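Before any comments, here is the structure.
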Amino acid sequence: MAVIDLRSDTITHPTDEMRRAMADAEVGDDVFGEDPSINALQERAAELLGQEAGLLTASGTMSNLVAALTWCSRGDEMIMGQEAHMFWNESAGPSALAGAQVRLVPNEANGRIAAESVAGAIRDASNIHVPASTLVCLENTHNRCSGGVMTPQDTREVVEVAHAAGAAVHLDGARIFNAAVALEVPVAELTKDVDDVSFCLSKALSCPVGSVLCGSQEFITKARKWRKMVGGGMRQAGVLAAAGLVALDTMVERLADDHANARRLAAGLADIDGLTVDPDSIHTNIVIFEVDRDKVGDAREVIAALREDGVLVSHSREQSLRMVTHRHISSTDVDEALSRVNGTVRRLAATN
Ligand code: TLP
C-alpha cells in the first residue's frame, strides 16, 4: 500500500527540470555577491513581487527572523496575528534574537487581520512607559487558518494604518503564490505595498531548499548583514537558486490543481461522520478539520491510526488535524485518502 503523505507541501521533491538546472547551474561565492544564479533569482523574485531587491535565505524561518532583526531594536514591539506562524512555530526567534516583544491581535477565521485591530494595538510613541510599535507582521496564505487568503485591499488597509504610525509591514508570504493563484491576481498585487515580503521556494513550489526575502534596496542591504550574522551567508548556493528559477517558471500555475484537490478533500472529509470542516472555507492547499473526540477519539490517536492505514496527516491544535495537498497528490490520491480515512474513522468510532 503506497503511503499518501498529506503532512505538508514541504515534502515535495525537486522536478527533473530542477535537478538538471541544479547540475548545470553557474555558481560563484554569494558572500561576495558573485553567484550569477542567485543574483538572477533575487532580481527575478523582486521584480515579480514589485519590490526593489531580493535576498536568498535558507528557510522561511530565517527570512522572518532576518526581517525582524532588520526592522526591530531591543524593546520594540512587533504586532502579529494570534495564529501567526512567526508566533507559534519559529522558536520565539524574533523575541529571543531581535529582543522585540510580540503583541498579538485577532486573526479572523480566514487569517485576515483587520486594520482596526492593528490601529488599536499601535502604541503612543510619546509615552515613555510603552514599547515602540515598529513592525506589523502579516501572513498570506495563513497556515493555521486553513490556508486563508488576504486580498490586496485587506493588505493595503493594514499597510496604511501601520505607515501612518511609522511602523513597517513584514509579510510572511511563505505561500504567497498560492494566494495569488486563488485570488487570480498578479502576485505583486499582494506584495508591492508591504515593506518586505518573504516567500518559500521549498513548499508548494517543490524546490529542495530556500526562501527569498524581498524589499527596498536599503532594507535588503541591512538584511544581508543580519543574514550573515545568523550564519545564512551561503557560498555556491546557486545550485539552489537554479531550482528556484525553474520553480518560478513552472510551478506557480499548477497550484490551482492543489487548490482543487484540497476542496475535493474537504468535501469528502465533511461527509465523514465525526469529522467537521466547511469545504467552502477552503481556498488554497491547506485543509484543517476537527475530530469529534466523543465519537472518534483523541486527535493524536487518530493521527497514529491513520498512519497505520497509510495516510500521513499533521496535528494543528487540540482536536484539529491538518492535511496539505501538493504536487505529489493527484485527485485519485485524494479519493484513496478519503476512503482510507473513512475506514479508519469508522473503525475508531466502533471501538470508542
Ligand atoms: N510551515 C511548516 C511547518 O513549520 C508547520 C508547514 O509544514 O506548513 N511561514 C509559514 C506560513 C509557514 O507555514 C512556514 C513553514 C514557515 C514560515 C517557515 O518556513 P521554513 O520551514 O522554511 O522555515
As a test of the formula, what do you get for the chain when each DSSP H run with n ≥ 4 contributes -39,500 (n - 2.57) and the sum is divided by the residue count, at 222 nm and rounded to the nearest 500 deg cm²/dmol?
-12500 deg cm²/dmol
Using only Cα atoms, figure out Rg for the chain and give it as a multiple of 2.2 N^0.38 Å.
1.01
Kindly provide the trypsin sites (Lys or Arg not before Pro) of segment 1-102 that DSSP labels as loop, not H, G, I, E or B, and whose Cβ sees at most 15 other Cβ atoms within 10 Å.
ARG74
Would you tell me the accessible area of ASP309, worked out with a 1.4 angstrom probe on the heavy atoms of the protein chains, in Å² to the nearest 10?
40 Å²
Count the net charge of all other residues whose Cβ sits under 11 Å from the Cβ of LEU135, scoring Lys and Arg as +1 and Asp and Glu as -1.
-3
What are the equivalent ellipsoid semi-axes of segment 1-108, built from the alpha-carbon gyration tensor (square roots of five times its eigenvalues), in whole angstrom, biggest first?
30, 23, 13
Run down the lysines and flag those whose C-alpha is under 29 Å from the C-alpha of LYS228, throwing out any fewer than 8 positions away in its chain.
LYS192, LYS203
With every protein chain present, what accessible area does LYS295 have (1.4 Å probe, heavy atoms only), rounded to the nearest 10 Å²?
90 Å²
Return the loop-located GluC sites (Glu not before Pro) in segment 232-301 (DSSP other than H, G, I, E, B) with at most 10 other Cβ atoms within 10 Å of their own Cβ; answer none if there are none.
GLU253
If one takes the longest principal axis of the Cα atoms in the chain, at what angle in degrees, from 0 to 90 and to the nearest 10, does the Cα axis of helix 60-71 lie?
30 degrees
Total charge of the residues flanking ILE176 in space, meaning their Cβ is under 11 Å from its Cβ, with Lys and Arg +1 and Asp and Glu -1, is -1
Could you work out how far the C-alpha centroid of segment 287-304 sits from that of segment 97-170, in angstrom?
32 Å
Solvent-accessible area of SER91 with every protein chain in place, 1.4 Å probe, in Å² to the nearest 10:
110 Å²
Roughly what % antiparallel, to the nearest 5, for the DSSP beta bridges in segment 74-149?
10 percent
What angle, in degrees between 0 and 90 and rounded to the nearest 10, separates the Cα long axis of helix 217-229 from the longest principal axis of the Cα atoms of the chain?
70 degrees
Only loop residues by DSSP count here, and only those with at most 14 other Cβ atoms within 10 Å; note down the GluC sites (Glu not before Pro) in segment 95-185 that meet that.
GLU184
In order through segment 99-116: 3J(HN,Hα) via Karplus (6.51 cos²θ - 1.76 cosθ + 1.60), integer Hz, x for Gly, Pro:
x, 9, 7, 9, 10, 9, 10, x, 9, 6, 4, 8, x, 5, 10, 6, 4, 5
Ignoring ligands, DNA and RNA, how do THR351, THR12 rank by accessible area with a 1.4 Å probe, largest first?
THR351, THR12
State to the nearest 20 debye the size of the charge dipole of the chain about its Cα centre, where the only charges are +1 on K and R beta carbons and -1 on D and E beta carbons.
820 debye
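The values are calculated or read from the model by the stated rules, or taken from the named source; none is laboratory data. All values derive from a computational prediction rather than experimental measurement. Neighbour counts are summed over all protein chains in view; Cβ atoms, including those assigned to glycine, are modelled from backbone coordinates with ideal geometry. With ligands, DNA and RNA removed, areas are computed over all heavy atoms of the protein, side chains included. Shrake-Rupley method; radii C 1.70, N 1.55, O 1.52, S 1.80 Å.
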